[in-house]
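Shown next, in structure tokens, is the structure this report addresses.
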Amino acid sequence: MHQVRTLPERPGVYIMRDASGDVIYIGKATRLRDRVRSYFGSSRSLEPKVRALAEQVATIDHVVTRNEAEALHLEATLVKRHQPAHNVRLKDDKHYPYLKVDVQNPWPRVTITRRVENDGARYFGPYASAGSVRRTLDVVKKLFPWRSCTKEITGTDPRPCLDYFIKRCIAPCTAYCTPEEYAEVIRETILFLEGRSGEVLRHVNADMQRASEALEFERAARLRDQAEAIRRVTERQQMATTTPLDADVLGLARADDEACVQIFFVRGTVVADTDSFMLDGTQDWSDAEVLSAFVAQFYESATYVPRHVLLSASPADSEQLLDLLRERRGGAVELTAPVRGDRRALVTSAEDNARQALVMHHARWVADRGKTETALAMLQDELDLPHPPQRIECYDISTIQGTNTVASMVVFEGGQPRTDQYRRFRVKTVDGQDDFASMREVLGRRFKQVAERRRRELAGEQVEAPEEPSPWDAVPDLVIIDGGKGQLGAVLDVMRDLGLRDVPVCGLAKREEEIFVADVSESIRLPRDSEALYLVQRIRDEAHRFAVTYHRKLRGKSATQSVLDSVPGIGPKRKRALLRKYGSVKGIREASVDDVAATVGFTRALAESVKRSL
């Protein structure tokens, strides 16, 4: 191209556009003219990916930089902004979320933001998704009682909000704490977000000891509970090494045109947090090039760069990447691909998790992109169905030691969930834990109406079609039971008794993901990477989630009712007043008689009755 001759012999970034002006590729170069010229040599000497790109280029823009490191930084920024089709790019990267601690304010809070600003606040991230950052925020809020409100703090409020009573805030609004005590909470929050949970635990234990020696027993008890909560969270973190390490561990997994990078954030001797990031456009790139692109784009916006970055493979442009990381950190950084020892074990574990994340992404991919025809056709073939199962129903039982036993029914049509047709069942006729009997009851209730309509049709009776379609009238193309041969046998008995032997039923056993069908002794195992397996796993997991959610709701409701409803004089209105004031039965139990008596609608005698009952 004639434009190539006008490019300078200097470091910089080149931007290739197609005939419509869309950016299709962004690259960096030590010498712009030489690098861009290489795209337009003899077609026989070019790689297929380069030849395909060159054929689409209509115009080339460029930006000159002072050095290669600056070019790498600019390339990462522009790729994230334009998302060119031929670049390796972080998937759906608009602005990744961060946690923000506004330490520049007198009474800081922790919030979620998608923009890092030079405003004096502390930022932590980026996180892969809103779900990731919200889970972290939820953990931090449970451990450290900073304020979540946006009101102006004057210290003159007459009483604190509910957060104080459930120990989620130390109430600066009512001057229940000093500015120094609140600042200590924020300092511990920041230390925890930095992964220094051991240091936080030492501070909290020291404060607890000082409070106890000063006879401040209420504060000491609060700090004791906080230390125990931090200890539980820390114990759930995976042990990483026997020697302290400040490192990010990057494991890469690939499939077709997509890749996943799993990051372990190792702080001290534990994996303090993990996250996974999807990448697009990786099909024609080597592992080294994919990792190089990811490192440049991720750390270009990361708020913290550790002392060590451990990778699955040595990245391309490692010297330029090191310059970028050192500049971002403001100090020395090691970028290595370990081959043995504890560090290699960490990378291997990250790679395993990346593969699992890619599998889960593919499960969502089947549904999100509508790629279900192949999955349904495979199910038809493997399960010997008369046609692809357009309507699939799945059932799951949820119980704990036979209490509050419930079941779920989820419906997928054309591979997509029909949430309006989901149904829940409370098991009524089964005492204790008997999944087989529970499944028989639920399927009997579900298909009783279908069986009755068929019986009337066979008897020659006129059966009018319902004015509005109902899930109870539909006959599924496939019924999936969460369980193995035992659960399947129980359901087949029910379907036979109802005269519905023509409705296909299968059982999906979770341990090996085996499928059992009637009259076949051997299980069916779908290929691990097949869309059919992704689909049935998703349907099964949705049924499990729906059942467990209902079971938890009933269990929590019965736990609350069984205590308060047994107190003479406590009706629904007074019970609501207590729960609104204290948040839980535990909060009521910890309150004084005088405080309960001060609740609207209560007398001292009634408060004493409540306390005795609890």
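Descriptive notes on the structure:
- Kirkwood-based shape ratio for the stretch 374-553, expressed as Rg/Rh from alpha carbons: 0.96
- Note on the chain: with charges restricted to the Cβ of Lys and Arg (+1) and Asp and Glu (-1), its dipole about the Cα centre is near 2020 debye.
- The stretch 259-335 and the stretch 112-182 have Cα centres spaced 30 Å apart.
- Cα-based shape type of the stretch 174-234, given that a ≥ b ≥ c are square roots of the gyration tensor eigenvalues and the cut on a/c is 1.5: oblate
- Between A407, T154, T374, the Cα set farthest toward the positive side of the dipole of the chain (charges on each charged residue's Cβ, about the Cα centre) is that of T154.
- Using every pair of separate Cα atoms, the Kirkwood estimate puts the hydrodynamic radius of the stretch 565-613 at 10.4 angstrom.
- When the square roots of the Cα gyration tensor eigenvalues are ordered a ≥ b ≥ c, the ratio a/c for the stretch 2-87 is 1.5 or more and a/b does not exceed b/c, which makes its shape oblate.
- Each peptide in 332-345, 312-325 was scored by the mean count of other Cβ atoms within 10 Å over its residues; highest first, the order is 312-325, 332-345.
- A crude spin-label estimate for the pair T348 and R580, with each label 7 Å from Cα along the Cβ direction, gives 5.9 nm.
- In summary, the aspartates and glutamates within cross-link reach of K581, defined as a Cα separation below 19 angstrom excluding same-chain residues under 8 places away, comprise D157, D163, D565, E590, D594, D595, E608.
- The H on the amide N of A518, modeled in the peptide plane, is under 5 Å from the matching H of V505, each at least 5 residues off or on a different chain.
- In summary, the stretch 84-211 shows an alpha-carbon radius of gyration equal to 1.22 times the 2.2 N^0.38 Å reference for compact globular proteins.
- In terms of the mean number of neighbouring beta-carbon atoms within 10 Å, the peptides 522-528, 258-264, 286-292 order highest first as 258-264, 286-292, 522-528.
- Other residues within the sphere of radius under 13 Å centred on the Cβ of D287, judged by their own Cβ, net out at -2 (K and R +1, D and E -1).
- A crude spin-label estimate for the pair R528 and R612, with each label 7 Å from Cα along the Cβ direction, gives 6.4 nm.
- Gain upon complete extension [R224, R31; 0.36 nm per residue less C-alpha separation]: 63.3 nm
- Residue-count net charge about I392 - beta-carbon cut-off 9 Å; Lys, Arg +1, Asp, Glu -1: -2
- Sorted from longest to shortest, the spans of the Cα atoms of the stretch 256-356 along the three principal axes equal 37, 28, 25 Å.
- Two-site FRET efficiency, N67 against E464, from Cβ-Cβ distance with R₀ of 60 Å, rounded to 0.05: 0.15
- Sum of -39500 (n - 2.57) over DSSP H runs of 4+, divided by residues of the chain (222 nm, nearest 500): -14000 deg cm²/dmol
Taken together, the values in this text are just the output of simple stated rules run on the coordinates, not laboratory data. Treat the numbers as computed from the prediction; the structure is a model and nothing was measured. Note that each Cβ is placed from the backbone with ideal geometry, even for glycine, and that neighbours are counted across all protein chains shown.
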